[in-house]
Amino acid sequence: MSTASPNTSSSAKTQPIRFNGYNKRDVPAHDAELTSSNAGTPMGEYMRQFWQPVCLSVELTDVPKAIRIMGEDLVAFRDKSGDVGVLHRHCSHRGASLEFGVIAEHGIRCCYHGWHYAVDGELLDAPCEADATRLKQTVCHGAYPAFERDGLVFAYMGPPDKKPPFPEYDTYTLPKGTKMVPFSNIYPCNWLQVFENIMDHMHTAVLHNKMVVEGVDAATADGVSLEGFGDMPVMQWEATRSGNGIVFIAGRRLPDDKVWVRITEMVFPNYLQIGSLVPTAATERHGTSGCTRWNVPVDDTHMIIFGFRHFNSEVDPAGIGCEADCGVDKIDFLVGQTGNRSYDEGQRAPGDWEALVSQRPIAIHALEHPGSSDIGVYMCRKLLREAVRGKTPPDALYERLTAAGSSLPLYAQDSVLHVPELPSAEDRKLILSLGKRVFEIMRSADDLPAEQRDAHVRQQLDELDGGASARSVMRREMRGATA
């Protein structure tokens, strides 16, 4: 990837051609290796190796719910005994949709001829048949393992003999008293352009800070803005988990000789953790995760973000978040995350939804002109491609800690440290080194028991904090990096 500026002193034929729309009409094909998740595709088969959320628990009522996940038409329901089923939508008998089925004490009955399926697909009854013995022995309806967790319904849609344990992360239970509130956000576009948007952290200083707000009242302008994210951050990106993930590390210089280091982590194929979502993020000392998200394909041109908003006094000490504003296709932290506004509102105060959906139903990578701010997006794509092609080793941290029965650490966090400011160019290097050091501190807790990780990280950050001592550490690291 080249980020060099055009050579303005070269001959005219190397200059961009003005009014050149006629020669730019052709739209190349999308990058199907990364964007297509249907059954049998490389990305689709890779995603099916992991547990995926498929709906919210509140969407399972006294009637079945038709869902579509990674191009498969399914039906989800909770039977009267409390078991959750995720089955192929069309009945194995004559194809009637089970979305019109009748939920039973155990399983579901098709409305057409009463074929009765258990949540694992077993045919329990075929009432129109005088003797259903043969059918019961030969028919098993398509079904996927499923369970509920904190208001989300998860299904495993991969090879049955390769079903993995569900990953348990520290942030689901720590700090104590954390409440996870489920939500979804629906996007009529490809899953990847929504997922990779997280590694494009530079957009927060533009899209979310009134730079593109025009002709709207103050309340609307404030709704699409993230307080404290207005300054352009000093960015770096690091691969994690043996290449199975990536973080961005964003450093911002604050007043009073402070630096705010924000880390957000992706875990492939489509999981991520985000730090605090409220303005107090810029005052934290090792703030915890504010949001967990899975970016789940519906099909190649539609997707749904499923996730948990984390509510606790550490990530939101001022109590700014609102649980009631989280749910089906709604989230509390920023306007413009869903398509529930008018077209005029979206034009005058665009948010993530407008920016991402407008990239086409499937973004065309071949038409992009990337710059240095896009390094994280292109790293994300490269790492994903290697994983899809089977070139990435297993996540050693996940395997080791899961085998030991331990929950998994995550690196998403916000920390503010006292570090005296240096002249401009040197200060940028200082912020980069500080960010890398904070990330190393986070990773140094990987092998500790879950209940000890937070205290360890805080102690290390306390040692790093403190004006001259922190600057001395950073200068040593900077000298080492340039030696």
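The values are calculated or read from the model by the stated rules, or taken from the named source; none is laboratory data. Only a predicted model underlies this, so the values are computations on that prediction, with no experimental measurement involved. Neighbour counts are summed over all protein chains in view; Cβ atoms, including those assigned to glycine, are modelled from backbone coordinates with ideal geometry. The protein model used for the area step is the full one, side chains on, heavy atoms only, and it has no ligands, DNA or RNA in it. Shrake-Rupley method; radii C 1.70, N 1.55, O 1.52, S 1.80 Å.
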Practice task
Among 143, 371, 103, flag the residue with its Cα farthest along the positive direction of the charge dipole of the chain, charges on Cβ as +1 for Lys/Arg and -1 for Asp/Glu.
Solution key: 371
Fill in the blank from the handout: If each part is reduced to its alpha-carbon centroid, the stretch 107-182 and the stretch 325-404 end up apart, in Å, by 29
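As a test of reading the structure, rank 141, 93 by solvent-accessible area (1.4 Å probe, protein chains only), most first.
Working: 141 10, 93 60 Å².
Final ranking, largest accessible area leading: 93, 141.
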Practice task
Rounded to the nearest 10 degrees, what's the angle between the helix 468-482 long axis and the longest principal axis of the chain, both from Cα atoms, 0 to 90?
Solution key: 80
Practice task
Can you pull the one-decimal nm distance between simple spin-label points at residue 73 and residue 18, each 7 Å off the Cα toward Cβ?
Solution key: 5.4
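How high is the relative contact order of the stretch 48-156? Use alpha-carbon pairs under 8 Å, at least six apart in sequence, and give a whole percent. Mind showing how you got there, number by number?
Working: 244 pairs, mean separation 29.4, N = 109.
Computed value for the stretch 48-156: 27 percent relative contact order.
Sort out the exposed loop GluC sites (Glu not before Pro) in the chain (DSSP loop, at most 11 other Cβ within 10 Å) and tell me the longest stretch that has none. Display every interim value, and only then the final one.
Values: sites that count: 105, 214.
Excluding the exposed sites themselves, the longest stretch runs over 215-483.
Give 162/436; 258/391; 24/382; 179/429 a once-over and call out the pairs whose C-alpha atoms are over 31 Å from each other. Intermediate values should be presented prior to the final figure.
Working: 162/436 36 Å; 258/391 41 Å; 24/382 26 Å; 179/429 38 Å.
Flagged as over cut-off: 162/436; 258/391; 179/429.
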Completion exercise
Within the stretch 246-267, the residues whose backbone N lies under 15 Å from a label point placed 7 Å from the Cα of residue 446 along the Cα-to-Cβ direction are 246-247, 266-267
Practice task
Find the relative contact order for the chain and round it to a whole percent, using C-alpha pairs within less than 8 Å whose residues are 6+ positions apart.
Solution key: 17
Problem - Cα-only Debye scattering, the chain: base-10 log of I(q)/I(0) at q = 0.07, 0.10, 0.13 Å⁻¹ - result: -0.42, -0.83, -1.31
Exercise for the section: Please give the length that would be gained between residue 459 and residue 168 if that part of the chain were fully extended, namely 0.36 nm times their separation in residues minus their C-alpha to C-alpha distance (nm, one decimal). Expected result: 102.3 nm
Practice task
Add +1 for every Lys or Arg and -1 for every Asp or Glu among the other residues with Cβ under 14 Å from the Cβ of residue 285, and state the total.
Solution key: -4
Exercise for the section: Please give the per residue volume of the convex hull enclosing the alpha carbon atoms of the stretch 346-474, rounded to a whole number of Å³. Expected result: 204
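What's the longest piece of the chain with no exposed trypsin sites (Lys or Arg not before Pro), counting a site as exposed if DSSP puts it in a loop and it has at most 13 other beta carbons within 10 Å?
177-388
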Handout entry: Label-point separation in nm, residue 342 to residue 239, each point 7 Å along Cα→Cβ
Key = 5.0
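Which whole-number percent gives the relative contact order of the stretch 83-136, counting Cα pairs below 8 Å spaced six or more residues apart?
Numbers: 83 pairs, mean separation 13.0, N = 54.
So the answer I get is 24 percent.
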Completion exercise
At q = 0.12, 0.22, 0.24 Å⁻¹, the log10 of I(q)/I(0) for the stretch 48-156 from a Debye sum over equal Cα scatterers comes to -0.37, -1.16, -1.35
Exercise for the section: For n ≥ 4 DSSP H runs only, could you compute -39500 (n - 2.57) per run for the chain, divide by its residues and tell me the 222 nm figure to the nearest 500? Expected result: -6500 deg cm²/dmol
Problem - Separation in nanometres of the label points that stand 7 Å from Cα toward Cβ, at residue 161 and residue 322 - result: 5.3
